[in-house]
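Some notes on the structure that comes next.
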Amino acid sequence: MDNTTTPRSKDVEWRFSRGPRSVGRARALLAEQARAWKVPDRLTETAVLLLSELMTNAVRHGRAPADREVRARCVLGGDIFRVEVVDANAVLPYPRAAGPDDESGRGLALVEALSDAWGANHRPCGIGKTVWFELIVPGGVHL
(Lines give C-alpha, C1' and ligand atoms only; values in the text may rest on other atoms or scores of the structure.)
Protein backbone atom coordinates (compact mmCIF):
# COMPACT_ATOMS: atom_id res chain seq x y z
CA MET A 1 0.00 0.00 0.00
CA ASP A 2 1.38 3.41 -0.84
CA ASN A 3 0.84 6.68 1.00
CA THR A 4 -2.39 7.47 -0.86
CA THR A 5 -5.80 6.58 0.42
CA THR A 6 -8.84 5.37 -1.44
CA PRO A 7 -12.18 7.18 -1.17
CA ARG A 8 -13.39 4.36 1.10
CA SER A 9 -10.41 4.39 3.46
CA LYS A 10 -10.20 6.01 6.87
CA ASP A 11 -7.13 8.03 7.75
CA VAL A 12 -6.04 9.89 10.89
CA GLU A 13 -2.74 11.49 11.91
CA TRP A 14 -1.42 12.80 15.23
CA ARG A 15 1.58 15.02 16.04
CA PHE A 16 3.69 14.57 19.16
CA SER A 17 6.65 16.19 20.83
CA ARG A 18 9.80 14.06 20.95
CA GLY A 19 9.35 13.11 24.60
CA PRO A 20 8.82 9.75 26.27
CA ARG A 21 5.26 10.66 27.33
CA SER A 22 4.31 10.81 23.65
CA VAL A 23 4.68 7.03 23.36
CA GLY A 24 1.87 6.35 25.83
CA ARG A 25 -0.30 9.07 24.31
CA ALA A 26 0.15 7.55 20.83
CA ARG A 27 -0.80 4.10 22.14
CA ALA A 28 -3.97 5.44 23.76
CA LEU A 29 -5.02 7.38 20.65
CA LEU A 30 -4.45 4.40 18.35
CA ALA A 31 -6.40 2.06 20.64
CA GLU A 32 -9.29 4.51 20.78
CA GLN A 33 -9.30 5.03 17.01
CA ALA A 34 -9.10 1.32 16.22
CA ARG A 35 -12.07 0.64 18.53
CA ALA A 36 -14.05 3.40 16.81
CA TRP A 37 -13.27 1.79 13.44
CA LYS A 38 -14.24 -1.63 14.82
CA VAL A 39 -10.84 -3.19 14.19
CA PRO A 40 -10.81 -6.60 15.93
CA ASP A 41 -9.40 -6.47 19.47
CA ARG A 42 -6.55 -8.89 18.73
CA LEU A 43 -5.32 -6.75 15.82
CA THR A 44 -5.77 -3.57 17.85
CA GLU A 45 -3.58 -4.98 20.62
CA THR A 46 -0.91 -5.97 18.10
CA ALA A 47 -1.06 -2.55 16.39
CA VAL A 48 -0.72 -0.74 19.73
CA LEU A 49 2.29 -2.86 20.71
CA LEU A 50 4.01 -2.29 17.35
CA LEU A 51 3.23 1.44 17.37
CA SER A 52 4.80 1.62 20.81
CA GLU A 53 8.00 0.10 19.43
CA LEU A 54 8.15 2.51 16.48
CA MET A 55 7.34 5.55 18.62
CA THR A 56 9.94 4.55 21.22
CA ASN A 57 12.56 4.27 18.47
CA ALA A 58 11.60 7.68 17.06
CA VAL A 59 11.76 9.33 20.48
CA ARG A 60 14.85 7.53 21.77
CA HIS A 61 16.98 7.37 18.62
CA GLY A 62 15.63 10.30 16.61
CA ARG A 63 18.91 12.26 16.58
CA ALA A 64 17.01 15.30 15.39
CA PRO A 65 16.59 18.68 17.05
CA ALA A 66 14.41 18.47 20.15
CA ASP A 67 11.83 20.79 18.63
CA ARG A 68 11.09 18.36 15.78
CA GLU A 69 7.81 16.51 16.03
CA VAL A 70 7.08 12.85 15.64
CA ARG A 71 3.94 11.98 13.70
CA ALA A 72 1.86 8.84 13.85
CA ARG A 73 -0.70 7.99 11.19
CA CYS A 74 -3.11 5.11 10.81
CA VAL A 75 -5.04 4.20 7.72
CA LEU A 76 -7.75 1.59 7.46
CA GLY A 77 -8.68 0.57 3.95
CA GLY A 78 -10.65 -2.61 3.41
CA ASP A 79 -8.57 -5.43 4.82
CA ILE A 80 -5.36 -3.46 5.51
CA PHE A 81 -4.66 -1.58 8.74
CA ARG A 82 -1.51 0.50 8.21
CA VAL A 83 0.35 2.45 10.89
CA GLU A 84 3.20 4.87 10.15
CA VAL A 85 5.61 6.82 12.34
CA VAL A 86 7.43 9.79 10.84
CA ASP A 87 10.45 11.48 12.38
CA ALA A 88 13.11 13.93 11.24
CA ASN A 89 16.04 11.49 11.36
CA ALA A 90 16.96 10.19 7.90
CA VAL A 91 18.76 7.05 9.18
CA LEU A 92 16.67 4.02 8.22
CA PRO A 93 16.24 1.42 10.97
CA TYR A 94 16.94 -2.27 10.63
CA PRO A 95 16.32 -5.25 12.92
CA ARG A 96 19.34 -6.28 14.92
CA ALA A 97 20.16 -9.44 16.78
CA ALA A 98 19.85 -8.67 20.48
CA GLY A 99 21.72 -10.92 22.87
CA PRO A 100 19.98 -12.73 25.71
CA ASP A 101 21.25 -10.18 28.25
CA ASP A 102 20.44 -7.08 26.17
CA GLU A 103 17.70 -4.90 27.66
CA SER A 104 16.73 -3.39 24.31
CA GLY A 105 17.11 -3.98 20.60
CA ARG A 106 14.17 -6.29 19.96
CA GLY A 107 11.59 -3.74 18.79
CA LEU A 108 12.00 -4.10 15.06
CA ALA A 109 12.27 -7.87 15.41
CA LEU A 110 8.82 -7.73 17.02
CA VAL A 111 7.52 -5.54 14.22
CA GLU A 112 8.93 -7.97 11.66
CA ALA A 113 7.49 -11.02 13.45
CA LEU A 114 4.01 -9.69 14.25
CA SER A 115 3.14 -7.57 11.22
CA ASP A 116 2.08 -8.79 7.81
CA ALA A 117 4.42 -6.25 6.16
CA TRP A 118 6.70 -3.47 7.33
CA GLY A 119 9.30 -1.14 5.98
CA ALA A 120 11.06 2.19 6.18
CA ASN A 121 11.65 4.83 3.57
CA HIS A 122 13.04 8.32 3.28
CA ARG A 123 10.42 11.04 3.11
CA PRO A 124 9.94 12.61 -0.34
CA CYS A 125 10.60 16.09 1.08
CA GLY A 126 14.13 14.97 2.00
CA ILE A 127 13.73 15.40 5.76
CA GLY A 128 13.48 12.28 7.85
CA LYS A 129 11.87 8.92 7.33
CA THR A 130 8.65 6.99 7.62
CA VAL A 131 8.62 3.60 9.33
CA TRP A 132 5.42 1.63 8.84
CA PHE A 133 3.72 -1.70 9.33
CA GLU A 134 0.58 -3.30 8.01
CA LEU A 135 -1.80 -5.81 9.53
CA ILE A 136 -4.35 -7.75 7.51
CA VAL A 137 -7.88 -7.49 8.89
CA PRO A 138 -9.52 -10.89 8.23
CA GLY A 139 -12.71 -10.28 6.30
CA GLY A 140 -11.96 -6.56 6.21
CA VAL A 141 -13.78 -3.80 8.00
CA HIS A 142 -16.85 -2.37 6.33
CA LEU A 143 -16.29 1.34 5.93
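The values are calculated or read from the model by the stated rules, or taken from the named source; none is laboratory data. The model shown is predicted, which means the values in this text are computed figures rather than measured ones. FYI the Cβ positions are ideal-geometry reconstructions off the backbone, even for glycines, and counts take in every protein chain you see. Note: areas computed on protein heavy atoms with side chains; ligands, DNA, RNA excluded. Shrake-Rupley method; radii C 1.70, N 1.55, O 1.52, S 1.80 Å.
In segment 15-40, of all residues being aliphatic (A, V, I, L, M) and not in a loop (DSSP other than H, G, I, E, B), the one that is surrounded by the most Cβ atoms within 10 Å (Cβ to Cβ) corresponds to Ala26. When Pro95 is tested against (1) more than 12 Å from Phe133 (Cβ to Cβ); (2) at pLDDT 95 or above, exactly one condition is not met: (2).
Could you please find all residues in segment 1-20 being of a type in the set (Lys, Arg), modelled with pLDDT of 70 or more and more than 16 Å from Asn57 (Cβ to Cβ)?
Once the filter is applied, which keeps residues that are of a type in the set (Lys, Arg), modelled with pLDDT of 70 or more and more than 16 Å from Asn57 (Cβ to Cβ), segment 1-20 yields Lys10, Arg15.
Per-residue answers, yes or no, for (1) assigned to a loop (DSSP other than H, G, I, E, B); (2) more than 17 Å from Leu30 (Cβ to Cβ); (3) at pLDDT below 90; (4) not basic (Lys, Arg):
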residue: Ser104; (1), (2), (3), (4): yes, yes, yes, yes
residue: Leu108; (1), (2), (3), (4): no, yes, yes, yes
residue: Ala113; (1), (2), (3), (4): no, yes, no, yes
residue: Asn121; (1), (2), (3), (4): no, yes, no, yes
residue: Leu135; (1), (2), (3), (4): no, no, no, yes
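Quick check on segment 41-64. Is at least one of its residues open to solvent by less than 10 Å² (accessible area, probe 1.4 Å), touching a residue at least 12 places away in the same chain (Cβ under 8 Å) and part of a loop (DSSP other than H, G, I, E, B)? Looking for residues that are open to solvent by less than 10 Å² (accessible area, probe 1.4 Å), touching a residue at least 12 places away in the same chain (Cβ under 8 Å) and part of a loop (DSSP other than H, G, I, E, B), one finds at least one in segment 41-64, hence yes. Farther than 27 Å from Ala34 by Cα, open to solvent by 30 Å² or more (accessible area, probe 1.4 Å) and either modelled with pLDDT of 95 or more or outside any strand (DSSP E or B) (or both) - does that describe any residue in segment 78-90? Yes - at least one qualifying residue is present in segment 78-90. In the set (1) open to solvent by 50 Å² or more (accessible area, probe 1.4 Å); (2) modelled with pLDDT of 95 or more, the condition left unmet by Glu69 is number (2).
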